[in-house]
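> Questions regarding the structure given below will be posed in turn.
What follows is calculated from the coordinates using simple rules that are stated; it is not laboratory data. The shown structure was predicted, so the numbers you read here are calculated from the model rather than taken from an experiment. Reconstructed Cβ throughout: ideal geometry from the backbone, glycine too, with neighbour counts over all protein chains shown.
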Amino acid sequence: MQSKAGIIAGLLALAIAAQANAQNYPSKPLRLVVPYGPGGSTDLTGRTVGQKLQEAFGQSVVVENKPGASAQIGAAEVAKSAPDGYTLLVGAPQIFILNPLFFKERRYDVEKDFTPVAITLISPNYIMSNPQAPVRGIQDLIGWARANPGKVFYASSGVGSTGHLTGLLLNKLAGLDMQHIGYKGSAGAVADVLGGQVSILIDQPVPGITHVRAGKLRALAVGTTERVSALPEIGTVREQGLGDFESSTWFGFWAPGGTPRPVIDRLYAEIVKIMRMPEVRAKFEPAGYIPTAIGPDETAAKVRADREKWTRLVQEAGVRPE
């Protein structure tokens, strides 16, 4: 049997090796896997940060779109990659919270297969309406939905999306019975609310906010705890009477499980600098997003807290996995 001294010596050698690898990191190109198609918020996050990482590290950073199976294909590829910091996942709540809640098929273990690096972007969920709907704020919506139980419908980008969950949260806190219509992406949801087939849209800022600015949709409220600088005229749900309400989406970066902490810290240190750059903030803030740089431990804690919150809500609402 190996002696205690031998075990300690082995662990020390591993720690020294990890530190040495971190000091030389990165020594070859990096790969950022976006588990969605081009053009969305996750893709924009990956490409914006990836370009700046390339400049900082002096190494190529390749962004690969690997969509499919509700983001499980791309996420599973990263989960199976070497834990060396050269393959990273550009992630979102669907991967770590929503897929385990809504889908029986799971291609990765959210607890074991990923190591958080940072959350870099907060995407508020906005509650919007067709201008012909008889609502101008959350209290109007609450009154209308209470007067018409089961007859007010809201659209989201899909079953299990944060827009879907935002509606469930509003139902719970206000005692409503709004009905959900899930689309296969935001485009269909926005189109039907613009056309008047559905009255309410709950979604991230893009593309809905473009139509709000054009007067084609009406913004009733934003789900964050504070107003968003790009749209200061839109009040929060909290300030309109639901004090416990908070709903937002986030995007960030994860490495495969077991990636050495010095490598994670090296990545995070650069990401902090990147997210403070005026040119980076200028890409996100005007569109209604909130740039940030939440560290590895805080990211892990937030994912756990959000998972507990949304799991409890989904169970109470009786939504079943597909």
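> Fewest Cβ neighbours within 10 Å first, please rank Tyr289, Tyr154, Tyr25 accordingly.
In increasing order of surrounding Cβ atoms, one gets Tyr25, Tyr289, Tyr154.
> A further question follows. Taking amide H atoms as placed 1.01 Å from N in the peptide plane, list the residues 5 or more away in sequence, or in a different chain, whose amide H sits under 5 Å from that of Gly91.
Sorted by chain and number, the residues that satisfy this are Gly252, Phe253, Trp254.
> Could I ask something else about it? Calculate log10 I(q)/I(0) of the stretch 188-230 for q = 0.22 Å⁻¹, where I(q) comes from the Debye formula with a single equal point scatterer on each Cα and nothing for solvent.
These q points yield log10 I(q)/I(0) values of -0.74.
> Additional query: What does the highest-first list of 232-238, 31-37, 275-281 look like by mean Cβ count within 10 Å?
So the peptides 232-238, 31-37, 275-281, ranked by packing, come out 31-37, 232-238, 275-281.
> With θ taken as phi - 60° and the coefficients 6.51, -1.76 and 1.60, list the Karplus ³J(HN,Hα) couplings across the stretch 312-320 in order, rounded to whole Hz; mark glycine and proline as x.
Using θ = phi - 60°, the values come out as 4, 5, 5, 5, 5, 7, x, 7, 9 Hz.
> Along the charge dipole of the chain, which of Ala219, Gly208, Pro67 sits closest to the positive end, that is, farthest toward it, with unit charges on the beta carbon of Lys, Arg, Asp and Glu (+1, +1, -1, -1)?
Pro67
> For the chain, calculate the relative contact order in percent as a whole number, restricting contacts to Cα pairs under 8 Å that are 6 or more residues apart.
Dividing the mean separation by the residue count of the chain yields 25 percent.
> Among Gly158, Ala133, Gly188, whose Cα lies farthest out toward the positive end of the dipole of the stretch 121-220, if unit charges sit on the beta carbon of Lys, Arg (+1) and Asp, Glu (-1)?
Ala133
> log₁₀ I(q)/I(0) of the stretch 34-147 at q = 0.16 Å⁻¹, via Debye over equal Cα point scatterers, no solvent, to two decimals?
-0.81
> Would you kindly give the portion of the calculated P(r) for the stretch 176-322 that falls above 23 Å, as a percent of all Cα pairs? Mind showing how you got there, number by number?
Details: 5528 of 10731 pairs.
When all Cα pairs of the stretch 176-322 are counted, 52 percent exceed 23 Å.
> Given that compact globular proteins tend to follow 2.2 N^0.38 Å, what is the ratio of the alpha-carbon Rg of the chain to that value?
Cα Rg divided by the expected 2.2 N^0.38 Å: 1.08.
> Mind listing the long-range amide H neighbours of Gln179? Cut-off is under 5 Å, sequence gap 5 or more, other chains count too, H placed in the peptide plane at 1.01 Å from N.
The answer is Val152, Phe153, Tyr154.
> Would you mind checking which residues have amide H under 5 Å from Val63's amide H? H placed 1.01 Å from N; only 5 or more apart, or other chain.
It is Leu32, by chain and number.
> Using helices alone, what [θ] at 222 nm do you get for the chain, with -39,500 (n - 2.57) per DSSP H run of 4 or more residues, divided over all residues and rounded to the nearest 500?
The helix-only estimate for the chain comes to -13000 deg cm²/dmol at 222 nm.
> Could you sort out which of Lys28/Lys66; Lys80/Lys302; Lys104/Lys184; Lys151/Lys283; Lys66/Lys112 sit more than 29 Å apart by Cα distance in this structure?
Pairs exceeding the cut-off: Lys151/Lys283.
> Fewest to most neighbouring Cβ within 10 Å: what's the order for Ser60, Ser41, Ser123, Ser81?
Ser60, Ser81, Ser41, Ser123
> At a 10 Å Cβ-Cβ cut-off, how would you order Asp177, Asp140, Asp306, Asp192, fewest neighbours first?
If I rank by nearby Cβ atoms, fewest first, I get Asp177, Asp140, Asp192, Asp306.
> Cross-link candidates for Lys52: which aspartates and glutamates have Cα within less than 13 Å, leaving aside residues fewer than 8 places away along the same chain?
Lys52 reaches Glu270, Glu279.
> Then there is this: Express the Stokes-Einstein translational diffusion coefficient of the stretch 126-240 in µm² s⁻¹, to the nearest whole number, given a Kirkwood radius over alpha-carbon pairs, 25 °C and a viscosity of 0.890 mPa s.
Using the Kirkwood radius from Cα pairs, D works out to 179 µm²/s.
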